[in-house]
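Trainee: Have a look at this one before I ask anything.
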Amino acid sequence: MEINVASDHAGVYFKSRVLQYLAEKKINAVDLGTNADASVDYPDYGMKVAKLVSEGKVEQGILVCGTGVGMSIVANKFSGVRAALCHNKETAEASRRHNDANILVLGSRVLDVELGLTIVETWLATPFEGGRHQRRLDKITEIEKTLKNAPEIPADTIE
Ligand code: RB5
């Protein structure tokens, strides 16, 4: 399993702690940036992970920005992406059990980093329940089929 991780400038430190945690757990993780000090735009980094997950090239992703809201909005534009902004263990668990979330989104300015790591641990350890929840996901897939929502990554995207 490979997890792709990205953040904007607000999430750089938080992301580094997530990557450190994944390395300690021997989980194969790829850092798609940013690692710059400068202010960047979260869509540029959110779309990198979301596109790979949408295309089935990567199974799961983790995105971090200040609140997690911007990254959630971006990621959920991509077909097949179910990005979950989680604030605690309960939302992390439910987002996997009920929603089969394939991208975890964290807000570095609203979460203590230790709680963030607990959320990551819970999210990765929790399986999808299927059953009635699969029926609901199938309805989301049907909605996606009626929409044109497969944005292209601009050629000049940085990093
Ligand atoms: C950056 O200042 C901030 O707007 C961003 O990290 C995020 O919170 C957006 O939703």
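Trainee: Report, ordered by the first and then the second residue, all pairs with beta carbons closer than 7 Å, sequence separation of six or more or different chains, a first member in segment 94-110 that is more than 19 Å from residue 4 (Cα to Cα) and modelled with pLDDT of 95 or more, and a second member that is more than 11 Å from the ligand (Cβ to nearest atom) and of a type outside the set (Gly, Ala, Ser).
Mentor: Correct list of pairs: 97/126; 97/128; 97/129; 98/129; 98/133; 99/82.
Trainee: Further question on the same structure: Among the residues that make up segment 71-89, is at least one of them farther than 30 Å from residue 135 by Cβ and surrounded by 17 or more Cβ atoms within 10 Å (Cβ to Cβ)?
Mentor: There is no residue in segment 71-89 that is farther than 30 Å from residue 135 by Cβ and surrounded by 17 or more Cβ atoms within 10 Å (Cβ to Cβ).
Trainee: Moving on. Any residue in segment 60-72 that is outside any strand (DSSP E or B) sitting within a Cβ distance under 6 Å of a residue that is modelled with pLDDT of 95 or more and within 6 Å of the ligand (Cβ to nearest atom)? List the pairs, counting only those 6 or more apart or interchain.
Mentor: Listed pairs, sorted by first residue: 66/10; 70/42; 71/42; 71/65.
Trainee: Enumerate the pairs (first residue in segment 129-148 and at pLDDT 90 or above; second residue anywhere and in a helix (DSSP H, G or I)) with beta-carbon separation below 6 Å, excluding pairs fewer than 6 apart on the same chain, so at least 6 apart or on different chains.
Mentor: Going by the 6 Å Cβ cut-off, the qualifying pairs are 129/97.
Trainee: Suppose we keep only residues that are touching a strand residue (DSSP E or B) at 6+ places or on another chain (Cβ under 7 Å) and farther than 11 Å from residue 103 by Cβ within segment 37-63. Which one would you say is nearest to the ligand (Cβ to nearest atom)?
Mentor: Restricting to residues being touching a strand residue (DSSP E or B) at 6+ places or on another chain (Cβ under 7 Å) and farther than 11 Å from residue 103 by Cβ, the top hit is 42.
Trainee: Oh, and also: Kindly establish whether residue 44 is of a type in the set (D, E, K, R), surrounded by 16 or more Cβ atoms within 10 Å (Cβ to Cβ) and over 17 Å from residue 117 (Cα atoms).
Mentor: yes
Trainee: Let me ask something additional. Return yes or no: is residue 5 out of contact with any His (no Cβ under 7 Å at 6 or more places or on another chain), assigned to a strand (DSSP E or B) and either aliphatic (A, V, I, L, M) or under 23 Å from residue 128 (Cα atoms) (or both)? Let's see the steps before the verdict.
Mentor: Numbers: out of contact with any His (no Cβ under 7 Å at 6 or more places or on another chain): yes; assigned to a strand (DSSP E or B): yes; either aliphatic (A, V, I, L, M) or under 23 Å from residue 128 (Cα atoms) (or both): yes.
Yes; evaluated as a whole, the condition is true for this residue.
Trainee: Okay, moving on. From the list 107, 68, which one is of a type outside the set (A, V, I, L, M, F, W, C), within 17 Å of residue 17 (Cβ to Cβ), within 14 Å of the ligand (Cβ to nearest atom) and surrounded by 24 or more Cβ atoms within 10 Å (Cβ to Cβ)? Spell out the reasoning first.
Mentor: On the way: 107 fails: surrounded by 24 or more Cβ atoms within 10 Å (Cβ to Cβ).
Selected residue: 68, the only one of 107, 68 that is of a type outside the set (A, V, I, L, M, F, W, C), within 17 Å of residue 17 (Cβ to Cβ), within 14 Å of the ligand (Cβ to nearest atom) and surrounded by 24 or more Cβ atoms within 10 Å (Cβ to Cβ).
Trainee: Among the residues of segment 10-36 satisfying the criterion of being within 12 Å of the ligand (Cβ to nearest atom), assigned to a helix (DSSP H, G or I) and surrounded by 19 or more Cβ atoms within 10 Å (Cβ to Cβ), which is farthest from the chain's Cα centre (by Cα)?
Mentor: Taking the candidates together, the pick is 10.
The values are calculated or read from the model by the stated rules, or taken from the named source; none is laboratory data. Just so it is clear, the structure is predicted and the values come from calculations on it, not from any experiment. Cβ: placed from backbone, ideal geometry, glycine included. Neighbour counts: every protein chain shown.
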